[in-house]
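K.L.:
The structure follows.
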Amino acid sequence: MNCRSAESLYSAFIEDELSQEEQRSLEAHLMGCRRCSVAVKELRETLVLMSALPTVETSPHFEEEVFDRIRSGEALRPTLIEWLSDFWTAARLRPVFLGGAAVCALWIAVIVARPSTFLPSGGAGQNREAAAPSSNSPNGALTSSGDVATAPGTETANAASAPVFGPRAALASSAPAGASRSANRGSKAGDDFQWVDSQVPVAAAGSDSALRDPGARFQDEYIIDQFYLDRGGRDAAPIVPVSGNSTDDVYITF
Amino acid sequence: MPIEPLRLKKLDPLADLSDEDVMERCATGSEAGFRTLVQRYRSRIMNLVCRFINDRDRAEEIAQEVFLRVFRNRERYRKSGKFSTWIFTIAVNLTKNEIRSRVRHRGTYSLDAMEEETGGQGLPFPDWKPLPDQDLNAREIQHKVSEALAKIPPRYREAVVLRDVEGLSYEEVGEILRIPGGTVRSRINRARLMLKDRLKAHISLEEDV
């Protein structure tokens with residue numbers, strides 16, 4: 001045993017808490033090490049001095065002051081930590097958790113329901129059925145999913161005034177996709193909205209064999225109407241928005 | 001015929017009850033129960049807090065706050081635990097808050113800083129009653145011991161005060177400080193060695209005397 005390991009056992013040695021083996025080992029070390037044996041002696045003296053410290057008494061009015069503070073009530077207000085620990089009890093939190101779970105469930109339900117509104121798995125017919133009654137309403141109305149239902153014959157006007165929702169007006173229309181697209185292109189005049197196809201570098205197409213015939217490209221190679229996915233085939237073709245973000249460039253290649 | 005005070009004391013129904021039983025009564029709203037607990041523990045709590053922070057006036061305020069918290073949380077107390085451990089835990093936590101607050105405000109917490117604050121007029125040391133009958137040398141040594149205690153780091157001080165001043169078991173110290181038994185023993189041993197080093201001169205003086 002060296003001095004360092006002996007030092008860690010001083011207190012246990014003084015309080016008789018060492019095992020027999022440890023005790024024998026330490027005693028053997030103390031026999032041969034004056035420094036450690038003196039240290040143990042000093043430690044014993046230190047404990048004697050500690051135990052001789054007088055008890056610090058309270059003032060004579062201590063008890064009455066405590067009761068005065070209790071009677072006044074000012075000292076009985078819970079601290080912030082106590083208030084929080086009270087608040088965070090399971091019984092109190094149960095309604096909070098239930099409420100939070102209900103809100104989350106509702107939110108998830110809305111998220112799940114929204115794609116089914118716009119991208120029906122059962123076919124575009126459902127979507128058309130859902131959109132058609134709205135299109136028959138005399139005035140535009142904001143549906144719960146944020147759609148604007150348009151009155152018949154106002155698709156172009158709506159597309160011009162509200163470009164984001166304009167394509168949805170085309171959705172309600174029974175016109176073929178090509179007609180809708182051309183109608184929407186027509187509505188671009190005087191509008192801030194930039195159609196993606198207007199951004200295609202047609203003028204520079206000479207160097208690109210794929211863009212030699214821009215018209216053919218638009219019709220045959222790409223559908224670049226922004227946000228739309230033609231799900232109904234070229235002929236039936238209701239145009240379905242892919243996303244509401246007007247900065248998305250969605251190119252569907254056939 | 002007036003009843004003698006001694007007889008009244010004997011008739012006190014709470015005198016023979018354990019702390020836990022008295023606390024149970026206190027939880028049901030017994031003022032006598034709470035008064036009994038204050039009387040039983042006020043010196044121990046005051047002593048503990050005062051040895052921790054070395055400031056008598058502030059220690060008394062904190063000791064009062066300890067009892068107010070006991071009263072405020074009387075319904076939370078569970079009889080399965082020892083009352084002494086519970087109340088000492090409250091006291092230690094409040095004292096730690098006080099030390100943290102002092103460290104924040106002063107940047108450091110040391111006896112030297114307190115000496116500067118008192119303008120060298122002596123420390124606000126916890127000798128409440130004058131001790132005219134005590135030997136001057138003994139008082140000086142007590143002062144040195146308290147001074148040495150106040151200068152060791154708080155985490156060692158709290159362990160050694162609970163063990164050597166309050167006389168709690170290692171298990172109780174561990175429960176109050178929420179540290180494992182091995183750490184308790186290590187801290188107490190380390191604290192005692194620090195105190196020994198600080199008091200070495202006075203220990204020799206004691207031996208010479």
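The values are calculated or read from the model by the stated rules, or taken from the named source; none is laboratory data. Model, not experiment: these values are computed from the prediction. We work out accessible area using only protein heavy atoms, side chains counted, and drop any ligands, DNA or RNA first. Shrake-Rupley method; radii C 1.70, N 1.55, O 1.52, S 1.80 Å.
K.L.:
Quick one: work out Rg over Rh on the C-alpha atoms of region A:12-69, Rh as Kirkwood radius.
P.N.:
Radius of gyration over Kirkwood radius for region A:12-69 works out to 1.39.
K.L.:
May I ask for the accessible area buried between chains A and B, both sides summed, probe 1.4 Å, to the nearest 100 Å²?
P.N.:
Chain pair A/B: roughly 4200 Å² of buried accessible area.
K.L.:
As a test question: what accessible area, to the nearest 10 Å², does A:V110 have when a 1.4 Å probe is rolled over all protein chains in place?
P.N.:
We get 80 Å² for A:V110.
K.L.:
Just to verify a number: what accessible area does B:K79 come out at with the full protein assembly present, 1.4 Å probe, Å² rounded to tens?
P.N.:
Result for B:K79: roughly 100 Å² accessible.
K.L.:
What figure, in Å² to the nearest 10, do you get for the accessible area of B:T183 with a 1.4 Å probe and non-protein molecules left out?
P.N.:
50
K.L.:
Something else about it: My understanding is that a pair violates if its Cα-Cα distance is over 21 Å; which of B:K96/B:K200; B:K82/B:K196; A:K41/B:K200 do that in this structure? Let's see the in-between values first.
P.N.:
On the way: B:K96/B:K200 28 Å; B:K82/B:K196 32 Å; A:K41/B:K200 11 Å.
Table pairs above 21 Å Cα-Cα are B:K96/B:K200; B:K82/B:K196.
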